[in-house]
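The values are calculated or read from the model by the stated rules, or taken from the named source; none is laboratory data. The model shown is predicted, which means the values in this text are computed figures rather than measured ones. Cβ sites come from the backbone with ideal geometry, for glycine too, and all protein chains shown count toward neighbours. The area values use the complete protein model at the heavy-atom level, side chains included, leaving out ligands, DNA and RNA. Shrake-Rupley method; radii C 1.70, N 1.55, O 1.52, S 1.80 Å.
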Amino acid sequence: MSLATYLRDRLPSAFVRAAALGLVVLALAAYGVESGVLAFVTVAFLAGEATALLLDFWRRWGFYRRLDRTMEGLGEHGVGYLAPELTQEPSTLEEAAFLDALRQASKSMADQVAAMRAEQRDYRDYVETWVHEVKTPIAAGRLAAANNPGPVADAMNVELGRIEGYVEQALYYARSTTLDRDFQVREVVLADVVRAALQRNARTLIDARVTPELGELGLTVSADPKWVEFMLGQLMGNAAKYRREGAEAGHLRLWAERRQTGMDAWETLLFVEDDGVGIPPEDLGRVFDRGFTGSNGRRYARSTGMGLYLVRELAGKMGLAVGIASEQGRWTRVTLAFPASARRTPIGR
């Protein structure tokens, strides 16, 4: 609330009082009161009115400024609706009525937020339970395929692998909405996480004839290894799905570098690059959007449009940055940036 806004709001009442003052002055003049007295009365009235307006503005401005600052501070954390509960008690009836209305609205919003969080928690619990339950028939199907080797069993294994991939996507999508479960950031060696992801996605890469090539990966970063492994699995799956047509084999290169970003600031970059079909320039800016499949998803493989979206979401939850570059028909490179890693560990440890 600015002084100009406050004065504009007070204009109607100011005009009424000015008109009353004019009538009083005219009446006094009619009774023969000296002009000096009339001038004194006018100046005294106007000075008193201006002082009263300034004092009222200062009091109101202080109250709204404190409330606004409290809301800004809480708004940065997404809980601005709690500001009325942390605001100092009002000094006037008008402020008390205003704050009471805000508190009622705040309570209503807090109740809705609590209800939505409870629903979200129940939904996440259901998804996690469903995922663990559905893994049992998937494992049974793999066992049946292993006991009956042949082309049909191989095809069955491929489809079971796809089902398992979609199940994992559903699990991590549910977990990405909160950080209160299954999220542990700690120091990990990139080589260990990459190897675990390669083992988990070995069948997918082999079936697609994609050969992994590992560079320098003996760097330690701070991250959740399970989440990073899942993210790498999504990128490996894309390398398999979008292998260039006509090529005898595809290649998937993974390596890490440390780069200084300031005097005492630096980061570790993990690169995942394939030599597949690449991404059209018009699609490159949207590949991290939820549900976006692009021309490649429609042409080369059935796609949910959730893989890269989850990579970006999980990276954001861990404080990582993710970027992508591509040349259509030649290569695609995804970069994960880990802030302030600790040390270098020999890759062959």
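Key figures
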| item | result |
| --- | --- |
| Rounded to the nearest 10 Å², the accessible area of R121 at probe 1.4 Å | 110 Å² |
| Efficiency of FRET from Cβ geometry, K107 and I138, R₀ 51 Å, rounded to 0.05 | 0.65 |
| Accessible-area value, R244, 1.4 Å probe, nucleic acids and ligands omitted, Å² | 90 Å² |
| Largest-first ordering by accessible area, 1.4 Å probe, given options W58, W130, W227 | W58, W130, W227 |
| Estimated 222 nm signal from helices in the chain, with DSSP H stretches of n ≥ 4 weighted -39500 (n - 2.57), rounded to 500 | -20500 deg cm²/dmol |
| Local electrostatic count, R60, Cβ distance below 13 Å [Lys/Arg +1, Asp/Glu -1] | -1 |
| All-pairs Cα distance distribution in region 13-52, expressed in whole percent, bin size 5 Å | 5, 25, 29, 24, 12, 4, 0 |
| Sequence of H132, H251 from largest to smallest accessible area, 1.4 Å probe | H132, H251 |
| Region 121-277: C-alpha gyration tensor shape, a/c 1.5 cut-off, then a/b vs b/c | oblate |
| Environment charge of E164, counting only residues whose C-beta is closer than 13 Å and scoring Lys/Arg +1, Asp/Glu -1 | +3 |
| For Y242, solvent-accessible area (1.4 Å; no DNA, RNA or ligand), Å² | 40 Å² |
| Near-label residues of region 3-18 by backbone N, under 12 Å of a point 7 Å along Cα→Cβ of F45 | 15-18 |
| Reach of K226 by Cα under 30 Å, taken over lysines that are not fewer than 8 positions away in the same chain | K135, K241, K317 |
| Student exercise, the chain dipole from Lys, Arg, Asp, Glu Cβ charges, in Debye to nearest 20 | 640 debye |
| Debye, to nearest 20: dipole size of region 121-233, +1 on Lys, Arg Cβ, -1 on Asp, Glu Cβ | 140 debye |
| Label zone at E94, where the point sits 7 Å out along the Cα-to-Cβ direction: region 35-63 residues whose backbone N lies under 17 Å | 49-63 |
| Accessible area, probe 1.4 Å, largest first, for residues M231, M109, M306 | M109, M306, M231 |
| Volume of the Cα convex hull of region 223-269, divided per residue and given in Å³ | 94 Å³ |
| Principal axis box of the chain, alpha-carbon based, largest edge first, Å | 120, 46, 41 |
| Extension gain (nm, one decimal) between A340 and L11, 0.36 nm per residue minus Cα-Cα | 112.6 nm |
| Net charge contributed by nearby residues that have their C-beta within less than 12 Å of R200 (K/R +1, D/E -1) | 0 |
| Long-range HN-HN contacts of L219 with modeled amide H, under 5 Å | L190, A191, T345 |
